[in-house]
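Read the structure below first, then the notes.
The values are calculated or read from the model by the stated rules, or taken from the named source; none is laboratory data. Since the structure is predicted, the reported quantities are computational estimates derived from the model, not experimental observations. Cβ coordinates were reconstructed from backbone atoms using ideal geometry, including for glycine residues, and neighbour counts include every protein chain displayed. Each accessible area value is taken on the protein alone, full model and side chains, heavy atoms only, with ligands, DNA and RNA left out. Shrake-Rupley method; radii C 1.70, N 1.55, O 1.52, S 1.80 Å.
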Amino acid sequence: MKQNKPTFADSTTGILQLPSEEPFVVGMNVSVPSPEFQLQKLEHFTLVFVNQGTAQVEIDFRLFRIKQGDMLVLATAQFFQCIEATPDLNLSYVTFTHDIYHEVTLVFDTPFFAFLKEYPCLSVSGEENVRHLNHMLHALADIYQERDHTFRLPMFRNLVQNFLMNLYDKVKGQFLNHDIAHTSQQEELLGKFIVLVFQHSGNRREVQFYADSLSITTRYLSSVVKSLTGNTPKDIIDTRCIQEIKMQLRTTRDSMQEIAFCLDFPDQSFFNRYFKKHTGITPLEYRRSRGSLLVSF
């Protein structure tokens, strides 16, 4: 059966969406000459592999220039937008539901989740790594086409799990700011903290809340987070909160007062000062400069 080649702009079977009743979708060598992604909060988990061309994307409001050989690891609840792309952009991708993602990552240690959110753009280098990647993609594509296979979904889950394990093992050492003296217990604590921040930072901005949730002192939390990431817990909390605010400013027509209320700021004045302190401009200036949900890039 011939596989459809969905584009970024196809809202039904696009790269970040799933066809009706499908738990996963695989696309191979899909030409995407003019993507038109609006800013969105991702519902599914997607692996994107750049076969050719370049593009500029925004992930959690951080800009990345992706090129041939790069891979995007896009997790549920991340903010994503494609800003621009060259006409020769060609991608392969795997998108699957949050339920599958949860199942295949049950055996992973907690830092894996923090790793994915912190480092969504990776380069695939080395002949062996490229060969392994292509083998995995073709195997997943074959499974996707075998719609009547009795074990289609378990086979897909197993292959994705193996790939993610291999990915994490090979590249985490390039990014995590620690040496072997740090214990896995500290990494697990960091991972739990990051997960909590993604769940609550829109409304809870005090370090004490996260320390209490983890049953540790704020001093110990600060020590672990600083040693492993180079940032303070407050830095990470505020960064994610600003991302939540930017999402509201760019995808809704809510007033500043309504957004402040939604995110549990005491009043609009405090909300404005908070945003300006971390971005250098007011929320209204940001909205005017970046447009809203109705603007395509």
VAL94 is checked against (1) open to solvent by 10 Å² or more (accessible area, probe 1.4 Å); (2) modelled with pLDDT of 90 or more and fails just one. What number does that condition carry? (1)
ASP99 meets each of (1) at pLDDT 85 or above; (2) open to solvent by 70 Å² or more (accessible area, probe 1.4 Å); (3) in a loop (DSSP other than H, G, I, E, B); (4) farther than 30 Å from ARG290 by Cα with one exception, condition (3)
What strands (runs of 3 or more DSSP E) completely inside segment 16-62 contain at least 1 residues that are within 16 Å of the chain's Cα centre (by Cα) and charged (D, E, K, R)? 55-59
Is it true that some residue in segment 154-162 is modelled with pLDDT of 90 or more and among the basic types (Lys, Arg)? yes
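Please work out if ARG147 is surrounded by 15 or more Cβ atoms within 10 Å (Cβ to Cβ), over 30 Å from PRO266 (Cβ atoms) and at pLDDT 85 or above.
Values: surrounded by 15 or more Cβ atoms within 10 Å (Cβ to Cβ): no; over 30 Å from PRO266 (Cβ atoms): yes; at pLDDT 85 or above: yes.
So ARG147 fails the test.
Among the candidates LEU153, LEU137, which residue alone is in contact (Cβ under 8 Å) with a residue 60 or more places away in the chain, open to solvent by less than 10 Å² (accessible area, probe 1.4 Å), over 30 Å from ILE237 (Cβ atoms) and in a helix (DSSP H, G or I)?
Working: LEU153 fails: open to solvent by less than 10 Å² (accessible area, probe 1.4 Å).
The match here is LEU137.
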Search segment 250-269 for residues that are touching a residue at least 60 places away in the same chain (Cβ under 8 Å) and pair each with any residue that is hydroxyl-bearing (Ser, Thr, Tyr) when their beta-carbon atoms are under 8 Å apart and the residues are at least 6 apart or on different chains. ARG250/SER292; THR251/SER292
